[in-house]
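Contents: one structure, followed by commentary.
The values are calculated or read from the model by the stated rules, or taken from the named source; none is laboratory data. This is a predicted model, so every value here is computed, not measured. Ideal geometry is used to build each Cβ from the backbone, glycine not excepted, and the neighbour counts take in all protein chains shown.
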Amino acid sequence: MRFGGLTAVRSVDFTVNSGEIVGLIGPNGAGKTTFFNCLTGLYIPTEGTVSYQGKVLPPKPHLVTQAGIARTFQNIRLFANMTVLENVLVGRHTRTKEGLWSALLRGPGFRKAEKESEAKAMELLEFIGLAGKRDHLARNLPYGEQRKLEIARALASEPGLLLLDEPTAGMNPQETRATEELVFAIRDRGIAVLVIEHDMRFIFNLCDRVAVLVQGEKLVEGTSDVVQADERVVAAYLGEPFEGDPGTAEAAEVEAAEAAAEAVAEDRTADAAPPSDAAPAADAEDADAESTEADSTTKGETQ
Ligand SMILES: Nc1ncnc2c1ncn2[C@@H]1O[C@H](COP(=O)(O)OP(=O)(O)OP(=O)(O)O)[C@@H](O)[C@H]1O
Ligand SMILES: [Mg+2]
């Protein structure tokens, strides 16, 4: 895929098999989102084709969705002034004969289809944990729930392959862990998942296979273990070896807690300070956020 003189993605040959969770990682500007945009017909690749279940897909977003590929976006794209349920119903329109307008206008001839669609949308909201908020406006949801809603809307098109572009960006560690569980649950529903993420712990916990994109080219592809150990990946992206050991995070939290406790102890106005267990918690979150720091610096500029 070329933009003028810039080749954003070059000769990336890539397959996702059914039942798999595959990760796509790489530095900012590596071409990950562009790759998704090529897969989903938002961009027409200068060269190359996208095939799904043996058929070449035309580069038209609605045809790609109809064929069974759904996606979420790096920057949340919801209908902010529609309710949670309506957002999911919009996602269903490729699967209803009546199309988008009947989902929105609810003409009298479409009651039955509408009922069915609503039941399916509600089932998805239950699955994703937002059923209780069906009538809330999307814009009033907290950020983490907006991300979930985007996933529910993508699932509403009944995909066989789901593409997630940085699903945990901006999330706290608890939300990130919940998203991990959610992706496993999606896979267990028989949907293959291709996920872009900068949070290496998330990626390596989750993925059966990981591909690394650097300057538009695929550097390595393999299991989490193989990719983590590959020196080229470490050099090009990770910076330092990632220890898949969950103890690493705990050690960082303990370190942050100790530092915070020391700071509190040194503080002459200790009486006015927050309780000693509140400060370490905040610090631990900061420490955790470091692993996704690289992405937050340029997020938004490439969409
Ligand atoms: N529509 C466009 N027009 C021109 N250049 C573009 C366009 N979209 C992306 N690019 C360029 O293509 C390159 C790859 O961008 P892309 O958004 O795919 O990176 P990314 O790997 O998703 O990065 P990030 O991790 O920051 O999201 C960048 O140099 C970007 O500036
Ligand atoms: Mg991107």
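Any chance you could count how many residues in the range 20-61 are more than 9 Å from ligand 1 (Cβ to nearest atom), part of a loop (DSSP other than H, G, I, E, B) and among the small types (G, A, S)? Residues in the range 20-61 being more than 9 Å from ligand 1 (Cβ to nearest atom), part of a loop (DSSP other than H, G, I, E, B) and among the small types (G, A, S): 3 in total.
Against the test of being crowded, with 21+ Cβ neighbours inside 10 Å and modelled with pLDDT of 95 or more, the options L137, L164 yield a single qualifying residue, L164. Screening T65 with (1) buried (at least 18 other Cβ atoms within 10 Å of the Cβ); (2) within 16 Å of the chain's Cα centre (by Cα) gives one miss only, at (2). Return the residues of the range 151-176 that are away from ligand 1 (no atom under 16 Å from the Cβ) and under 17 Å from R189 (Cβ atoms); say none if nothing qualifies. Across the range 151-176, the qualifying residues are I151, A152, R153, A154, L155, A156, S157, E158, P159, G160, L161, L162. The listed residues are V264, V233, V214, and the only one of them that is over 20 Å from E166 (Cβ atoms) and at pLDDT 70 or above turns out to be V264. For the range 35-59, taking the residues that are touching a residue at least 60 places away in the same chain (Cβ under 8 Å) and within 16 Å of ligand 2 (Cβ to nearest atom), the one that is surrounded by the fewest Cβ atoms within 10 Å (Cβ to Cβ) is identified as T40. Looking at K32, K60, just one residue is over 27 Å from V233 (Cβ atoms), modelled with pLDDT of 85 or more and basic (K, R), and that residue is K60. The set of residues in the range 3-19 that are more than 9 Å from ligand 1 (Cβ to nearest atom) and either of a type in the set (S, T, N, Q) or surrounded by 13 or more Cβ atoms within 10 Å (Cβ to Cβ) (or both) comprises R10, S11, V12, F14, T15, V16, N17, S18. Just so you know, in the range 203-220 the residues that are more than 16 Å from ligand 1 (Cβ to nearest atom) and surrounded by fewer than 22 Cβ atoms within 10 Å (Cβ to Cβ) include one that is nearest to L24 (Cα to Cα), and it is R209. Applying the selection to the range 1-32, what residues are closer than 16 Å to I196 by Cβ and away from ligand 2 (no atom under 15 Å from the Cβ)? Across the range 1-32, the qualifying residues are F14, V16, E20, I21, V22.
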